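The values are calculated or read from the model by the stated rules, or taken from the named source; none is laboratory data. This is a predicted model, so every value here is computed, not measured. In this analysis, Cβ positions are derived from the backbone assuming ideal geometry, glycine residues included, and neighbour counts consider all displayed protein chains. The accessibility values were calculated without ligands, DNA or RNA, using every heavy atom of the protein model including side chains. Shrake-Rupley method; radii C 1.70, N 1.55, O 1.52, S 1.80 Å.
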Amino acid sequence: MTSSLFKRCLPLLLALLPCLASAAAPGLDAVTVTTNPNGGQTYSLTLQILILMTAVTMLPAIVLMMTSFTRIVIVLGLLRQALGAGQSPPNQVIMGLSLFLSLFIMGPVIDRIHTEAVQPYMAGTIDANVAIERASVPLKRFMLDQTRESDIATFVRISGGQGFEKPEDVPMRILIPAFATSELKTAFQIGFLIFIPFVIIDLVVASVLMSMGMMMLSPVLISLPFKLMLFVLVDGWSLVMGTLAASFYV
């Protein structure tokens, strides 16, 4: 399963390679760059491994800042808090659900990167630079679709830029923080909607206990079973997962 997960995440790593390749020192010993007859360049195995290992160390940041993971994990955390169930489900379960649901949501993007960039590169029909450019296109398109124009404008203003003619012209250094900011906003909006029915149950239970003179009894202790029963009866987990997945492709 680990090998399969790595293969699924490999296309996402390719999208980050332009920054890593540009940051690599050209004067490293035992590194050779060969110019092909068609004008492309072939890097030595040593440099390719160096770039790949550097990209692997950046994998957590890629998952957090460039995929659907942030929105999902925040919504699930708010859902647990709204239920008032303490540490159930535990953090490991929430992280696992968020990771695999992110892989499910990012599936079309990963498949497109694999088809348009990874397979041609493995077959030797394109060089590394072309593969990197092709791999970044679908990931950038996904991020642009989920990012608010106001957030992009904010970071363009902070950077001192003058704006861009097309969304595709937005560089990654601006798009990534704008995308993360938009994901935080969307996650808290969804969390607010999730909180409402559980808050109503807490208010009803607290009012009933106060009217009965049982003010020393914690309303949370009484409302928890009712919230769990309500969540199970409406098939809450399926609704939350389905809503989260659909929120990325509306």
(Q) Which residue is nearest to residue 84 (Cα to Cα), if the candidates are limited to the stretch 208-238 and must be open to solvent by 60 Å² or more (accessible area, probe 1.4 Å) and in contact (Cβ under 8 Å) with a residue 24 or more places away in the chain? (A) 220
Q.
Would you confirm, using the coordinates I've provided, whether residue 146 is open to solvent by 60 Å² or more (accessible area, probe 1.4 Å) and either among the polar types (S, T, N, Q) or under 17 Å from residue 61 (Cα atoms) (or both)?
A. no
Q | Where a residue in the stretch 146-168 is closer than 22 Å to residue 109 by Cβ and its partner, wherever it lies, is of a type in the set (Phe, Trp, Tyr), with Cβ under 8 Å and at least six apart | A | 146/179; 146/248; 147/179; 151/179
Q) helices (runs of 4 or more DSSP H) wholly in the stretch 143-237 with at least 1 residues that are among the basic types (Lys, Arg), modelled with pLDDT of 85 or more and more than 27 Å from residue 69 (Cβ to Cβ) - which ones? A) 149-159
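Can you tell me which residues in the stretch 126-142 are in a helix (DSSP H, G or I) and more than 13 Å from the chain's Cα centre (by Cα)? Spell out how you get there, then give the answer.
Going through the stretch 126-142, the residues in a helix (DSSP H, G or I) turn out to be 128-142.
Within the stretch 126-142, 128, 129, 130, 131, 132, 133, 134, 135, 136, 137, 138, 141 qualify.
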Q: Answer yes or no: is there a residue in the stretch 46-54 that is open to solvent by 80 Å² or more (accessible area, probe 1.4 Å), assigned to a helix (DSSP H, G or I) and modelled with pLDDT of 90 or more.
A: no
(Q) Just to verify a result, which residue in the stretch 150-166, among those that are surrounded by 12 or more Cβ atoms within 10 Å (Cβ to Cβ) and not polar (S, T, N, Q), is farthest from the chain's Cα centre (by Cα)? (A) 161
Q. Taking the stretch 81-125 as the search range and keeping residues that are touching a residue at least 24 places away in the same chain (Cβ under 8 Å) and in a loop (DSSP other than H, G, I, E, B), which one is least open to solvent (accessible area, probe 1.4 Å)?
A. 106
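Can you pull out every residue in the stretch 167-185 that is over 17 Å from the mean Cα position of the chain (by Cα) and open to solvent by 20 Å² or more (accessible area, probe 1.4 Å)? Give the steps one after another, and end with the answer.
Going residue by residue through the stretch 167-185, those that are over 17 Å from the mean Cα position of the chain (by Cα) are 167-171.
Correct list: 167, 168, 169, 171.
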